1. In peptide B:23-33, how many Cβ atoms from other protein chains are near each Cβ within 10 Å, on average?
2. Under 8 Å for C-alpha pairs, at least 6 residues apart: give me the relative contact order for chain B, rounded to a whole percent.
3. Would region A:13-135 count as rounded, prolate or oblate if I go by the C-alpha gyration tensor, calling it rounded below 1.5 in a/c and otherwise prolate when a/b exceeds b/c, oblate otherwise?
4. May I ask you to sort B:167, A:129, B:5 by Cβ crowding, counting other Cβ atoms within 10 Å and putting the fewest first?
5. Output the antiparallel fraction of DSSP beta bridges having both residues in the protein assembly as shown, as a percent to the nearest 5.
6. Can you tell me how chain B classifies by the Cα gyration tensor, rounded, prolate or oblate, using a/c under 1.5 as the rounded cut?
7. Rounded to the nearest 10 degrees, what's the angle between the helix B:29-54 long axis and the longest principal axis of chain B, both from Cα atoms, 0 to 90?
8. From the Cα trace of chain A, what convex hull volume per residue do you get, rounded to a whole Å³?
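Derivation of every value follows stated rules applied to the coordinates shown; laboratory data play no part. Everything numeric in this text was worked out from a predicted model, so none of it was measured. FYI the Cβ positions are ideal-geometry reconstructions off the backbone, even for glycines, and counts take in every protein chain you see.
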């Protein structure tokens, strides 16, 4: 059970300053797979970050009566100078998991070979993210939090293992997923949480939640259109980065 | 039961962080040795300098000057080393795992400093014992430990304040070192506060570190009267510092989380 006690969150700066949550009172079950939906995709990410503890609420308090995972793809907290093996062991120890099992498992699955005993800082960014994905799913948690990274799973050849792990965990553990992909959400989730206008609504039925999201959206644009626009923006941004 | 489980989990986190520090140190052993030798070197150098400048063969409290300066510098540098560089142990929440809290890193920082300083103290006073005088063996261990415990409290509180202020303004990074150097001057390292004029004694008596140094010296010089020493003032100041530090950490936590 994750309990939000009158949580208020003001996110963004300048023009983008907005209230993501306004004194929200909510309790989320830890044995269900919950999709976090909403007309504003950014806000659902902020919500996941709030649960993960990466950002703190402006007011109110979050009580976590379950072991929550870190976000797969989280890159903070690793030590560049130490070997990948020591880093993996450190994270396992931090979360109270069995160190030997996790290290052996990750060594096998991550397929890093000799790089597993080289400094963590030498890995490429894609590999770091991949390692973080695998590590998150190999440690047993009650609830797995998934933000932006989840749709990425299965994109690439080496992500297939992470995807398989994720699917295995999805059968037995709770999950809270912020995803803009309705297909993905339909496949894995059985409950929906809709964030709109600073409020949160929890739906037992996922279809209801999806329908409500469309209703709550600003008029004139369907979810598909917004997704397309967002994808366009993201591509533009990526192109900009590449140009630089 | 829930409490023991929570405690075990919490100590598991601290243990993991400590172990990682130890592993990083093993990666670069030279750095750690240099870090440890720095205060020894400073104490030796300063003692030598004052010995040459003052041309004094005996310290104000008897015995060789080296022991006198070492007993003064050691607690002061303990304070400086705990309260400074605390910043290095802290990162934004996105730079660490959600399960690690800012306070955990501060605790790990302090535990490491305490271990370092215990080793350093044994080395330093052992060396003085071997090279200079038999008096380098503490007469009253409780007083020394009490003094160091209050210094840990002071260093904890002021270290957090230091950390927060240095985030707020860069100027603080220049102000704090000067303050700590001035503290060395006014903490009775070079002189015996009891021998000063009453007015200066009164002003100096507000400096908690002066009391800590006096207490520390009492452990080595049992014949020393230490009239100015007020253990209650020192203890209250240390406890208030701890609470001040915890309060500042709690209040600023939200602003640091960006």
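1. 2
2. Working: 241 pairs, mean separation 62.8, N = 258.
After rounding, I find 24 percent.
3. Prolate is the answer for region A:13-135, as a/c is 1.5 or above and a/b outweighs b/c.
4. B:5, B:167, A:129
5. 60 percent
6. Prolate is the answer for chain B, as a/c is 1.5 or above and a/b outweighs b/c.
7. The helix B:29-54 is inclined about 30 degrees to chain B.
8. 143 Å³
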